[in-house]
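> Got a structure for you, questions after.
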Amino acid sequence: MAHGAIDVRRRAEGFTDPAGGRRLSPARGHESDVSGWGVPMLRIDAHHHVWDLDRRAQQWLGETRMAPIHRSFTLDDLAESVAEAGIDHTVLVQVLADMDETAEFLALAAGSNLVAGVVGWVDLTADGIRDTLAALRAGPGGERLVGLRHLVQAEADPAWLNRAEVRRGLRAVGHAGLCYDLLTLAHQLPSAIDTVRALPEVTFVLDHLSKPLIATGELEPWATRLRELAAEPNVYCKLSGMVTEADWRSWTVPGLRPYAETALEAFGAGRVMFGSDWPVCLLAGSYAKVVAAAEELTSGLTRPEQDQVFGGTAVRAYQLDLP
């Protein structure tokens with residue numbers, strides 16, 4: 001199918017919970033924003049971060065090109081931008097492989113009306129992971145823990161996800177009823193496909209489309225591998241992180257479109273969710289500009305499909321408990 005002619009309705013009709021096979025409806029939200037399901041919808045940013053440099057160093061920010069975001073970012077910094085963009089709730093995602101950070105994020109979420117869920121970090125390969133997860137859930141804000149993530153993109157072994165000890169940890173994540181966010185690079189997709197296929201009982205969420213090489217305009221083999229991953233029903237995809245994989249100064253919505261449409265065609269709107277990747281996205285554009293780009297990229301969808309990308313999918317994937 002040519003780009004610019006999205007046909008995702010066949011995949012978006014009748015959303016199903018991969019774990020239980022149940023037909024699900026979107027969550028309730030503002031009375032003024034009603035989806036084609038006949039229920040109000042909320043707008044959710046399913047991927048952002050915060051960090052406090054006084055509390056915890058972020059060595060990855062030491063590169064010169066990271067200077068624009070080499071400072072602390074708080075929920076208060078985000079609040080005005082999400083309000084202007086009409087975002088009701090967010091999912092806060094781990095930054096470091098540090099369980100103390102995860103505990104802090106959960107406590108932060110507990111005191112926030114904005115953060116509906118936290119994707120944290122634990123060592124997947126450690127013994128006693130089930131007890132570790134139970135302890136996090138028993139702590140302040142533990143009810144906001146909705147998923148886990150590891151910086152797989154930083155692993156030298158492209159098959160790290162295939163290791164027996166990693167798979168054991170992923171099974172524990174699924175047993176706990178949590179999602180697992182896949183932060184992979186494009187060349188790591190084969191191991192992601194194998195892992196998702198081998199663990200049908202676990203719900204996975206692919207971050208940033210697995211970081212295709214947008215700056216160089218390359219589509220293959222990323223697109224073929226993404227479609228292969230999408231063929232597995234227990235994986236969702238975030239429409240996020242694209243602007244920082246493109247040229248930070250000269251990216252355009254038409255330049256992002258082939259990648260966004262590949263994901264939408266492969267997964268269907270019912271398994272795609274918007275994420276800003278704030279404040280990392282500020283390297284390439286403001287929060288408002290990133291939201292506007294996502295809205296333009298999904299403008300060819302029906303209103304109910306747009307409601308899924310901007311809310312319903314995140315609610316189902318992360319089982320968000322919203323008012």
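The values are calculated or read from the model by the stated rules, or taken from the named source; none is laboratory data. Since we're looking at a predicted model, the values are computed, not measured. In this analysis, Cβ positions are derived from the backbone assuming ideal geometry, glycine residues included, and neighbour counts consider all displayed protein chains. SASA here: full protein model, heavy atoms, side chains in, ligands and nucleic acids out. Shrake-Rupley method; radii C 1.70, N 1.55, O 1.52, S 1.80 Å.
> Specify whether the C-alpha gyration tensor of the chain places it in the rounded, prolate or oblate class, a ≥ b ≥ c being the square roots of the eigenvalues: rounded for a/c under 1.5, otherwise prolate if a/b is larger than b/c and oblate if not. Please list the in-between numbers first.
Values: a/c = 1.15, a/b = 1.12, b/c = 1.03.
Cα axes put the chain in the rounded bin.
> Report, in deg cm²/dmol and to the nearest 500, the calculated mean residue ellipticity at 222 nm for the chain, where each DSSP H run with n ≥ 4 adds -39500 (n - 2.57) and the sum is divided by the residue count. Don't skip to the answer; put the middle values down first.
On the way: 11 runs with 105 residues, N = 323.
Dividing the helical sum by the residues of the chain leaves -9500 deg cm²/dmol.
> Got a sec? What order do M242, M99 fall in by accessible area at 1.4 Å, biggest, i.e. largest, first?
Numbers: M242 20, M99 75 Å².
So the residues, ranked largest to smallest area, are M99, M242.
> For segment 169-192, list residues with backbone N below 19 Å from a point placed 7 Å from the Cα of A97 toward its Cβ?
Correct set: 169-173, 180-189, 191-192.
> Under a point spin-label approximation (7 Å from Cα along Cα-to-Cβ), what is the E63-L213 distance to one decimal in nm?
1.6
> Once the piece of chain linking R168 and D321 is laid out straight, how much longer is it, given 0.36 nm per residue of separation minus the C-alpha distance between them? Don't skip to the answer; put the middle values down first.
Numbers: separation 153, 0.36 × 153 = 55.08 nm, distance 2.76 nm.
My answer for the length gained is 52.3 nm.
> Sorted by accessible area with a 1.4 angstrom probe, largest first, how do E201, E305 fall? If you can, show how the numbers build up before the last one.
Values: E201 95, E305 10 Å².
Ranked from most to least accessible, the order is E201, E305.
> Running a GNM on the chain with Cα contacts under 10 Å, which residue among D52, D207, D194 ends up with the highest mean-square fluctuation?
Fluctuation is largest for D52.
> Here is a further query. Restricting to Cα pairs below 8 Å that are 6+ residues apart, what does the relative contact order work out to for the chain? Please round to a whole percent. Please report the intermediate quantities before stating the final value.
Details: 620 pairs, mean separation 73.7, N = 323.
The value is 23 percent.
> Probe of 1.4 angstrom, ligands and nucleic acids ignored: what's the accessible area per residue over the chain, in square angstrom?
Values: 13350 Å² over 323 residues.
Value returned for the chain: 41 Å² of accessible area per residue.
> Tell me, what % of the accessible area of segment 84-200 is carbon and sulfur with a 1.4 angstrom probe?
Working: 2310 of 4430 Å².
With neighbouring chains kept in place, the figure for segment 84-200 is 52 percent.
> Heavy atoms of the protein only, probe of 1.4 Å, neighbouring chains included. What is the accessible area of H89 in Å², nearest 10?
20
> Now, a different point. If you count only protein heavy atoms and use a 1.4 Å probe, how large is the accessible surface of K289, to the nearest 10 Å²?
That residue has around 100 Å² of solvent-accessible surface.
> Could you work out how much longer the chain between R130 and A154 gets when fully extended? Use 0.36 nm per residue separation minus the Cα distance between them, nm to one decimal.
6.2 nm
> For Y287, what accessible area in Å² do you get when you roll a 1.4 Å probe over the heavy atoms of the protein chains, rounding to the nearest 10?
10
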